[in-house]
Structures are given as structure tokens and as C-alpha cells.
Amino acid sequence: MKRLWYREPAAAWEETLPLGNGSLGAMVWGDPQHERIGLNHERLWSGFYEDHTPQEAAVYLPQVRRLIFEKQYEKAERIMEQHFLGEYTESYMPAGELLMDCPSLQKTAQYQRELVLDTAEASVSFTTDGNAVQRRYFVSYPQKALIVHIEADKPIQRMEIRYESEMKRRDFKEKEWGMTFWMQCPEHVDPNYLGQRDNAVIWGERGMQFSVDIRVLELEGSWHIENETLILEEAKEATFAVSIRDSLIPLSGGYAAYKQAHLADYQELYGRMELEMPGKDMLPTNEWMEDPDAGLYAVYFQYGRYLLISSSRQGGLPANLQGIWSWQMRAPWSSNWTTNINLEMNYWPALSVNLRECEEPYLDMVHRICIEGKKTAAAFGCRGSCCAHNTDGWGTTHPVGIARGETAGESGCLMWAFWLMAQVWMDQEVWRRYWYHPDQQYLKETVYPLLKESVLFCLDWLTEYEGYYVTCPSTTPENQFWSEGRRVSVSIATAMDMTLIRELFRNFKRASRQLGETALLQEIEEKTARLYPIQKNADGSVCEWYEEKEEAEPGHRHLSHLYGLFPSDLWREDGEMKEAARHSLERRMAAGSGHTGWSLAWVLNLYVVLQDASNVQKYLRQLIERSSYPNLWSKHPPFQIDGNFGVTAAIAHMLAEEKEGEVSLLPCLPPDWREGRVRGLCLPGGKQVSFVWKNGGVIESTIS
């Protein structure tokens, strides 16, 4: 049984236990007397649909390109800050908190708080004055609700259940089964990094509305409502449900029936794959983290699968920067989808860890962005569709960077604000799904149309420069270089841009050949032949820009220039580029890269591809000791879930890989992982592998 467990309640949000059904999220603190459960719903966003696409970009594009070709980068950036950006995205909103106060539960003993990954159930148990009390919590996908079940040896005198929220209260009603709150989100919320401004949070009547139902399902005792509080009296056993936006789907049979439905749904996904390695699981998780072993990494791996199931289910939105668990009105980076690495990393493990259904929300998002992104592409004078570095619940695709009420982006913002290649990157996972599960209908109806829109954009976005086709203006996500004593972001043909375009063109040609399509192929071939090649620095490392530049931050957390090694496979069989990438990675790490959880996850995946098992082991340990919170959430800081998913992907790739139809088991096994067992790991072509290893060698295996 895989679990996280502790001997004390959570002292901070990053110690709470996350539950979710893809849409509804809950965070359990575990205080016996004053329980708090943080609540989220994936559809709760500030704002309403607005189009902030920059309208003058195409007019100023020729001038900007001329300035960049003349290396007048700073002048080009000033124009772009005024004419190439739109307003920031909106923010993911916290639904509020469920509060459970039990005044009579004073002194407690034998306390334990745990999250069982095998059942997706959290629990809190303790004794108080000789009364053994247990609370169980799960969020049901079939029933669309958080289910709370309380049992005690002796009746609990009084329990007060309240709902509190920073959202605007519109109405409250008592019901025969409990109570309903009608709430409303703000019309606008600034990103937290804009500081305290007069209009940082704007209320009004156009914000998203939602309801919260608290429903008594079964009770051994009595209940009534008093001052918008549900009061349970003399309750020895109680079950109640919390739903947001959705109505509870009722079942006969009480708590047992709800739990059975939940387990049948969850375990059909979670139970497809196992990873077992020996470890010190008798220790509380926070103590185990002080000296991590192979067993803890097996828990971390399955925790990543658990988090993906809990934050990304069919019919919903994809996992955002914090999955679905966010606790602040102005959350870190708006808790949106950052599309220059973080959204894509969230889905790196989905196919290999046997959770293809959990990828459906991501694919739905790509479709949505492809439609909305046509406006952004057109604004820059291009066919097709594109997306910049951020999107939100309203499908934003334009480059963001202008605060509400302002007319231009702040100086220096282009390092993250302007990057039009996100949809191209997102298309990689669209292609990978076909690679893992070949299906001609999916290829024809999904892959080809989506890739085609990105291809159209790239064909038009490329421009001629000194005999080559380049992207201009071009940035490499969130990095800068020195030019005439100033930090600048904008140049020509960054390694990231050119690698993404090469991969897109390759995948589109493969799809076209499979379907017998010829549209655009001649134009692609003509431009591919003259694409600006990836350059190398004087020391042999990969050049991040079109020519060698002095990096403003040599230890930068983004590893965009190494995209060709991972997540792409363009350089896997290119010994020269592979060695250049290795050198680049070593140089970046020596300067301090990998200092955020998600960055370290990318580092791990790169070292796995390089089959450097000793560095994999080194940075896995660093990931636990330095870049994880007590509840194993990935630490940016603060919490970002992409690190969890990135490491889950890396562990899968350590265990098995497929090249040209050949399966390799244990291609990059950390030296300390002496023995273990894996079942149900997926590889391209619809393959699944299961095997047992001992002393670093496979002793039995099956491939189906």
C-alpha cells in the first residue's frame, strides 16, 4: 500500500493532503478540533471573455524586424512593449474553505493523518477522553462531490460545519437536506507579481457565478441549521457531501455505496500500473524525506500518477500550475497555464504511466487554443494559429504583459511576455499520442488538422535573413543576454524556436504521408532546406541564440535550448548535438540551474536520455531534500505541480524506453535501486511492459 502519513496536523498549506476528481479539489489540514478543508473547482476563474489581441502588431512588425537585424535590440523591444502585447490573463479562484469545529474535542492522543494512494482517500484518526474518532475524506468522480465520513466510539456532543470564502456572497438557502450558497467571482484579478494596485481586484456583476451545496447523507444523531452553520449533535456516525457547480449524483446505500462507486472508478485508472521497491515506509513521510531511498521514489512516482488522476479527468480542464489546488485570491502566477514549459510538463508522464484518459483535457485545450489562436496569428499577419506563453480559463492566446488600465508592458517584460511558439510545443503531445496509440481516425481528425494550423503559422512567421529562414522577433523563454551593457531578450532564430519548427515540420510530414495528403509539403520542403541551423558556442555547447551571446543568467532555470534532446527526440541519434547538449547541461548546472522543482525535473529527464545514472541518482535525492514540501508537492518555490509530473515521467523513462521498435529495460537505473518490480508501463506502438529486477538486472519480463 502506497501512502503519505504524518503524526501531526498540517501546519501550512504545503503540508495538507490533496484530494480531487479532476474538477473538484479539496485540501485536508487534519486538525481534530478545528478542521479546515480548502476547496477548489477547476471552472472558477476571475473575469469574463474579453479579446485583448494587439491590433497594431502587423503594422509595426517590419520596423521591429529591421531594428533587430541591425542589432538595435533595445529600440525593437520598446516598440514591442507598446504594440505587441495585450492584457494579462485572469486568475484561478479559490472556492473557499469548509470549516468543522468540534468544541468538545480538547486533548487528543494517538494522532495519525494519512493519504492512501491506492484508494485516493485521506483520513484523520485520534482519541480524545477515551473516544476513538476517525474522519475519512474522498472526492468522487462518479458522484461529483467531496464525501466526508465521521465515526466515533461515543457520540460527539456538537459539530459545527461552516463554509467561508473570499468570493462574493449572493444568496443562501436552507434545504431539507442541508444548505446552499450562491457565490460570484471577481470581474478581474491582477497577477500577484503586479503588487498592490488600486484595481488589482475588481468586483461587479459580470464575474462567474457558482453554487456550493453541503448535504447531509446519513446521520446517527441530529442536525439543524443555525446562522448559516450546519450543527450536528450527539453524532456517533455521520456522512455529508460538498459539491460545487455540479449537483450530487445520489446513490442508495449510504457511505458504503458512495465509497464503492469511488473506488471502482479510481482504481480502474490507478490500478493499471505498479512500481514496487523496498524502503522505509514505516516512517512518517516527512521523516522518510530526511534520508530518501528507492521505496520513497516509488511512492513519489505513484503520487505523480495519483495527482494526475485527481487533477485531470475527461470532460474537464487540464491540470494548471497548481493542479486544481490553489488557496489564494491572487495565486502565484495566477495559477494559470504557463505554456512555455509548465503545461506541457504536466502531461509528460500521461502516456507512459498508463493514464491516456487523463490526457483528454489537455487535448481539448489544444483544440480550444487552436480556435482562439487564429486571432493572435492574424494579428501578426500570419495564417494558421498560435499561442503565447500564458493561457487561462477563457482561452487567452495573445502575448500578455499589460496591466489593466495601462497602455504598454513594463520595461524588460518581453523575456517572458513575448513567445509565440506555445501551440507548436503543445502539438508535440498531440503527435506523441498517435505515436503511443496509432489510430488512423485520430490521425486524420485530430493530429493532422491541429498540426496544419501550427504549420501555416510557422510558414508565415519565418522570414528571410542572410539566405536563411529565421524567426524574428525571437526569444528563448524567460532568458536574456547582454548587449551594449544592457539585458535584452529579443533577437533572431533562438535554438528553441528553430528546434520546435523542425520537429513540427517533421511530424506534419509524417502525418501527411500516412494520410496521403500533399498540401503544404512543397512549401515545407523549400523552407526546411534553408532553416537557420542550430549553432554552437566556442566551447562546443549549444548556442541558445542565433549567435554566441553573453548570458545574463548562466544558471538559468529554463533549458529551452536543449529541447532537441528532451522532450524532443531530434538529437537522440545525433552524436554531435547530443554531446553539445551534455556540455550545455553541465555548464548550466555548474552555474546553479535546477534550482526550482520543475527545472530539476527537466534536468533529470535530460540526464536519463544521456544515460547518466549517477547524476540521475544525485539529483533525485536533491529533488526530495531541497525541492519538495512535506506533502511531496514540488517546490518552485512556492508550490508548482509540474515538478511532480516531470519527475514521474523521468522515473518511467529510467525503467524502460523504445527506440526504432526495440525495447530497452532499465536504460538508466540509479545505482541504489537494486531491486524492484514494475507492471503496466506503456511504450510507443501500444506496447506494455512488466518486469522484475534484482542486483540491477532484469530477471523476468513480459512485453505485450
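None of the figures in this text is laboratory data; all of them are computed from the coordinates on show. Please read these numbers as outputs of a predicted model, since none were measured by experiment. We place every Cβ from the backbone using ideal geometry, glycine too, and count neighbours over all the protein chains shown.
Which GluC sites (Glu not before Pro) does the stretch 101-210 hold that lie in a coil by DSSP with at most 11 other beta carbons within 10 Å?
Glu176, Glu205
What is the distance in Å between the Cα centroid of the stretch 174-218 and that of the stretch 88-110?
Centre-to-centre distance over Cα atoms comes out at 16 Å.
Any idea how far the Cα center of the stretch 414-431 sits from the one of the stretch 294-339, in Å?
If you average the Cα positions of each part, the centres end up 20 Å apart.
Take Ile202, Ile369 and order them by how many other Cβ atoms sit within 10 Å, fewest up front.
Ile202, Ile369
Taking only DSSP H segments of four or more residues, each worth -39500 (n - 2.57), what value at 222 nm results for the chain once the sum is divided by all its residues, to the nearest 500 deg cm²/dmol?
-9500 deg cm²/dmol
Please tell me which of these pairs span more than 29 angstrom C-alpha to C-alpha: Lys236/Lys259; Lys452/Lys536; Lys236/Lys280; Lys509/Lys659; Lys75/Lys452?
From Lys236/Lys259; Lys452/Lys536; Lys236/Lys280; Lys509/Lys659; Lys75/Lys452, over 29 Å: Lys452/Lys536; Lys236/Lys280; Lys75/Lys452.
Multiplying the sequence separation of Gln209 and Gln611 by 0.36 nm and subtracting their Cα-Cα distance, what value in nm do you get?
Separation in residues times 0.36 nm, less the Cα-Cα distance, equals 139.6 nm.
Cut-off 18 Å, label point 7 angstrom out along Cα-to-Cβ of Glu410: give me the residues of the stretch 190-216 whose amide nitrogen falls inside.
190-201
Determine the relative contact order of the chain: mean sequence separation of Cα pairs under 8 Å and six or more apart, normalised by residue count, in whole percent.
14 percent
Can you find, among Ile37, Gln480, Pro94, the residue sitting farthest towards the positive end of the charge dipole of the chain, where Lys and Arg contribute +1 and Asp and Glu -1 at Cβ?
Farthest towards the positive end: Gln480.
Residue farthest toward the positive end of the dipole of the chain, with Cβ of Lys/Arg at +1 and Asp/Glu at -1: which of Ala649, Trp203, Ile214?
Ala649
Can you sort Thr285, Thr476 from fewest to most other Cβ atoms within 10 Å of each residue's own Cβ?
Thr285, Thr476
Could you tell me which of Ala264, Thr229, Asn336 has its Cα farthest along the dipole of the stretch 213-349 towards the positive end, charges placed at Cβ (Lys, Arg +1; Asp, Glu -1), taken about the Cα centre?
Projecting each Cα onto the dipole axis, the largest value belongs to Asn336.
Taking the Cα centre of the stretch 411-465 as origin, work out the dipole magnitude from +1 charges on Lys and Arg Cβ and -1 charges on Asp and Glu Cβ, in debye rounded to 20.
Roughly 140 debye for the stretch 411-465.
Mind checking the angle between helix 575-590 and the chain's longest principal axis? C-alpha axes, 0 to 90 degrees, to the nearest 10.
Here the helix axis deviates by roughly 60 degrees.
Please check which bits of the stretch 391-420 a label hung off Glu56 would reach, taking the label as a point 7 Å along Cα-to-C-beta and the cut-off as backbone N under 14 Å.
From the stretch 391-420, the list is 407-409.
With the Cα gyration tensor of the chain in hand, give its eigenvalues times 5 under a square root as the equivalent ellipsoid semi-axes, listed largest first in whole angstrom.
For the chain, the semi-axes come out at 44, 31, 22 Å.
With labels modelled as points extended 7 Å from the Cα through the Cβ direction, what inter-label distance (nm, one decimal) is found for Glu573 paired with Lys107?
Reported label-point gap for Glu573 and Lys107 is 7.2 nm.
Just want the ordering: Tyr49, Tyr607, Tyr255, from fewest to most Cβ atoms lying within 10 Å of their own Cβ.
Tyr49, Tyr255, Tyr607
Hey, got the dipole for the stretch 99-205? About the Cα centre, +1 on K and R Cβ, -1 on D and E Cβ, debye to the nearest 20?
Here the stretch 99-205 has a charge dipole of around 180 debye.
Please say if the stretch 360-493 is rounded, prolate or oblate, where rounded means a/c under 1.5 for a ≥ b ≥ c the square roots of the C-alpha gyration tensor eigenvalues, and otherwise the choice is prolate for a/b larger than b/c and oblate otherwise?
Here the stretch 360-493 falls in the prolate category.
With +1 on each Lys and Arg Cβ and -1 on each Asp and Glu Cβ, and nothing else charged, work out how big the dipole of the chain is about its Cα centre, in Debye to the nearest 20.
680 debye
Using alpha carbons only, how many angstrom separate the centre of the stretch 260-284 from the centre of the stretch 582-640?
25 Å
With an 8 Å Cα cut-off and a minimum separation of 6 or more residues, compute the relative contact order for the stretch 589-704 in percent.
That works out to 20 percent.
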